[in-house]
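The values are calculated or read from the model by the stated rules, or taken from the named source; none is laboratory data. All of these numbers come straight from a predicted model, not from anything done at the bench. Reconstructed Cβ throughout: ideal geometry from the backbone, glycine too, with neighbour counts over all protein chains shown. Note: accessible area is taken over every heavy atom of the protein model, side chains too, but ligands, DNA and RNA are not part of it. Shrake-Rupley method; radii C 1.70, N 1.55, O 1.52, S 1.80 Å.
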Amino acid sequence: MSIFNKGQQALASRIDIGTDIVKWKDWRWQLKNSIRSVERFEFLTGITFDDAEKRRLQKTFSHFPLSVTPYYLSLINRDNYTNDPVFKQAFGSVQELEVQDSEFSDPLAEDKDSPVTGITHRYPDRVLFHVSNICSMYCRHCTRKRKVGDIDYIPSKEALKEGLDYIRGNSKVRDVLLSGGDPLMLPDDMIDWLLEEITAIDHVEIVRIGTRMPVVLPYRITSSLVDILKKYHPLWLNTHFNHPREITSSAREALKMLADAGIPLGNQSVLLSDVNDCPRIIKDLVHKLVQNRVRPYYLYQCDLSEGLSHFRTPVGKGIEIMESLIGHTTGFCVPTYVIDAPGGGGKIPVTPNYIISWSTNKVVLRNYEGIITTYKEPEKYETRLCDRNCKECEMELGLTEPDDYLALGIEKLLSDQDNTISLIPGDNMRHQNRKENGRSDNQE
Ligand SMILES: *Cc1c(COP(=O)(O)O)cnc(C)c1O
């Protein structure tokens, strides 16, 4: 059972005298009473700032607005807020106004890869569908800061129909990822309608929801919402816990309701300086997640969004954390550490190196303990040349549809039926000169 602890009770009645647990647990009450100004924050927490600091904070919030749910606010440790991971994610700092040369407003080029409003189509088989422009809390480390504070809105059905038409018209899209903003900001009936529309599309095999509600507003996970979600299996849900302190009894209850409804749960954390950039904190987090049936999915290197430099860590910190997890804990506790490539290259996994050397018949590897070991390769392995003519192949794939898949990237270099021998950047001078001089070969 989620509790209404003393701190929350005091906070609730400071917001509105006589607020009881029923109101407190009403997600609409939480949204209506979200904290959006420095003064309100000061009044409710008793934390105060001097005039100069207040002016700088107000300036920060006029660029990147403030919004914190009373629930998430109640998790702040007021006695030590300057070191508090919840405070840092929710309240922000004046450092957000320091924009560096290497930072972008849209680091992942999501807007450039957007064929119609609301859709980012980067990978051929799956799309990101931004179905809401708002969140219940504005994370200070948001990668989509450029959109935060755009006139808050829930898109109309008409606006969403454009995205739906795009998905309908693209038979390669087998996976639709609802994102935003937070998709669970939509009212229940809209979520129901949207999921019905998407799952009715033949070529869509799975739907995923990306939401931070279990972390910042767990009361949004109501039994009526869960009853809607479970009609649309296979439906997956990824959430965003960054610190073990966020796994409260209310959060646990929300996760339990989702897991009991058969929804596979994943977690995407962001590595944040002075919040969770510590092997022990991450290990504690992943252990708590799996205890609540949530599989750690990604650990993100913090994106190059404007004003996030104070949150960023060196990549080495992430690798150090991965080193402390792989082999040291349950395999499914280990997320994949990724850098989302600036410019829109997608997620790139980064891990410590485990292959030390290689010969024609042996691989030398090291394990998590530092033991160096060899793996003897098979003496006989007949290479099966693949021309992708699966119908003629002795292996049983049992595919009936024709295979029109084209190998991509490094996969293309490895493939037998493609003659490409190298991938050459479009602006390579030497190759441009060759072209200009008519010496271009056809191996590009
Ligand atoms: C992260 C992301 C996805 C999903 O990637 P997975 O690795 O399949 O989880 C899809 N589209 C875009 C644009 C993304 O950023």
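Among the residues of segment 123-153, those that are within 10 Å of the ligand (Cβ to nearest atom) and either outside any strand (DSSP E or B) or outside the structural domain of Pro342 (by TED's automatic domain parsing) (or both) comprise Asp125, Thr143.
Residue-wise test of (1) in the same structural domain as Arg126 (by TED's automatic domain parsing); (2) within 16 Å of the ligand (Cβ to nearest atom); (3) under 24 Å from the mean Cα position of the chain (by Cα); (4) at pLDDT 95 or above.
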| position | (1), (2), (3), (4) |
| --- | --- |
| Leu164 | yes, no, yes, yes |
| Arg168 | yes, no, no, yes |
| Asp175 | yes, yes, yes, yes |
| Pro183 | yes, yes, yes, yes |
| Asp192 | yes, no, yes, yes |
| Ile198 | yes, yes, yes, yes |
| Ile201 | yes, no, no, yes |
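Just so you know, in segment 106-122 the residues that are of a type in the set (A, V, I, L, M) and in contact with a strand residue (DSSP E or B) (Cβ under 8 Å, 6 or more places away or on another chain) include one that is nearest to the ligand (Cβ to nearest atom), and it is Leu108.
Only a single item in (1) farther than 20 Å from Ser179 by Cα; (2) away from the ligand (no atom under 16 Å from the Cβ) is not met by Tyr337, and it is number (2). The single condition among (1) open to solvent by 50 Å² or more (accessible area, probe 1.4 Å); (2) of a type outside the set (Asp, Glu); (3) within 16 Å of the ligand (Cβ to nearest atom); (4) in contact with a Ser or Thr (Cβ under 6 Å, 6 or more places away or on another chain) that Arg78 does not meet is (3).
The one condition from (1) open to solvent by less than 60 Å² (accessible area, probe 1.4 Å); (2) in the same structural domain as Pro218 (by TED's automatic domain parsing); (3) farther than 15 Å from Phe64 by Cα; (4) away from the ligand (no atom under 13 Å from the Cβ) that Lys157 does not meet is (1).
Restricting attention to segment 300-319 and to residues that are among the small types (Gly, Ala, Ser) and under 24 Å from Leu57 (Cβ atoms), the residue that is surrounded by the fewest Cβ atoms within 10 Å (Cβ to Cβ) turns out to be Ser309.
Residue-by-condition table, conditions (1) charged (D, E, K, R); (2) open to solvent by 20 Å² or more (accessible area, probe 1.4 Å):
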residue: Ile3; (1), (2): no, yes
residue: Gln8; (1), (2): no, no
residue: Ala12; (1), (2): no, no
residue: Ile17; (1), (2): no, yes
residue: Asp20; (1), (2): yes, yes
residue: Asp26; (1), (2): yes, yes
residue: Ser37; (1), (2): no, yes
residue: Leu44; (1), (2): no, no
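Entry remark, segment 31-47: residues being in contact (Cβ under 8 Å) with a residue 40 or more places away in the chain and either in contact with a helix residue (DSSP H, G or I) (Cβ under 6 Å, 6 or more places away or on another chain) or over 21 Å from Met185 (Cβ atoms) (or both) number 1 in total.
Of the helices (runs of 4 or more DSSP H) lying entirely inside segment 197-299, the ones with 1 or more residues being open to solvent by 40 Å² or more (accessible area, probe 1.4 Å) and either charged (D, E, K, R) or closer than 24 Å to Lys25 by Cα (or both) are found at 223-229, 249-260, 279-291. The residue that is nearest to Thr143 (Cα to Cα), among those in segment 60-97 that are in a loop (DSSP other than H, G, I, E, B) and β-branched (Val, Ile, Thr), is Thr69.
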